[in-house]
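Worksheet: one structure, shown below.
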Amino acid sequence: MKTIVLAAGLICASLMTQAQTTQKIGYAEWEYIFNQLPEFKKIDADLKTHITQLENQLKAKYQDYENKLKAYQGMPATTPDAIRADKERELTQMQESITKFQQDAEASSRKKQSDLMEPVYAKVGKAISDVAKEQGYTFIINPQTVQGADILLYSDEKFNISDLVLKKLGVTPAPAPAKTN
C-alpha cells in the first residue's frame, strides 16, 4: 500500500513539474519602433500640416476679433448705446466662436491622429505577436512610462524584441547610439 501511495505521489509530482512551463517575457519599445517606420514620418508630417492649418484658421479668427475689439474700443463716447450693445454682442459671439473652434480643432487633431495611427498600431501589434510566437515568448510588455508610472522596473536588453519587430516589418533598425557613462 505504501508503495502505491509513494508511486502515486511521484507520478503527481512528475506531472506537476511537466505542467509547469517556463515563461519567457520580452519587451518591445513602441516609440523606438514607430520612430523608425517610414509611414510614421508621413503620419507625423500629415498631422503637423493638419495642426498648422487649424492654427492658421484660429489666428485669423483671433485677428478678426482683435480688429473688431480695437474698433469697438475706439468708438467715440457719443456712440449710441444700441450700437455699442450690438458691437458687444458681436464680440461676445466671436469669443464663443473662437472657444468652440479651439475645442473642435483639438477634437479634430485627436481624431486625425487616431485615424492615421490605427492601421500602424494594428500592423506593429501583429508583428509583435508574430515575433513573440516565433521566438517562444509568453508575454511581451511595453517598457515606456505610462501616466508617470514605470511599467517595467528592470529589463535585460537581450529580451528586447524591438529590432526583430522592425525586421518583421521590413525596416532595417538604425544603429543604437553609443551609451555614455
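Summary table
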quantity	calculated
At R0 = 35 Å, FRET efficiency that the Cβ-Cβ distance of Lys167 and Gln23 yields, to 0.05	0.90
Charge dipole of the range 24-168 about the Cα centre (unit charges at C-beta), most positive-ward option of Pro119, Thr52, Met94	Pro119
Exceeding the 18 Å Cα-Cα cut-off - candidates Lys24/Lys158; Lys42/Lys126; Lys24/Lys167	Lys42/Lys126; Lys24/Lys167
Alpha-carbon Rg/Rh ratio, for the range 24-168, with Rh computed the Kirkwood way	1.30
Under 5 Å, built H, 5+ apart or other chain: amide partners of Ile140	Gly26
Rounded if a/c under 1.5, otherwise prolate or oblate - the range 17-75, Cα gyration tensor axes	prolate
Distance between modelled label sites at Lys70 and Arg110, nm, 7 Å Cα→Cβ extension	3.5 nm
Unit charges at the beta carbon, dipole of the range 24-168: most positive-side option, Phe40, Ala82, Ser162	Phe40
Computed E for Glu88/Ala60 - FRET, C-beta separation, R0 30 angstrom, nearest 0.05	0.85
For the range 66-82, Karplus couplings with θ = phi - 60° (6.51, -1.76, 1.60), whole Hz, Gly/Pro x	4, 5, 5, 5, 4, 5, 5, 5, x, 5, x, 4, 8, 4, x, 4, 4
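The numbers here are math on the coordinates, done by the rules we state, and not lab data. Note that the structure is predicted; figures quoted are calculated from it, not measured. Note that we place each Cβ from the backbone using ideal geometry, even for glycine, and neighbour counts take in every protein chain shown.
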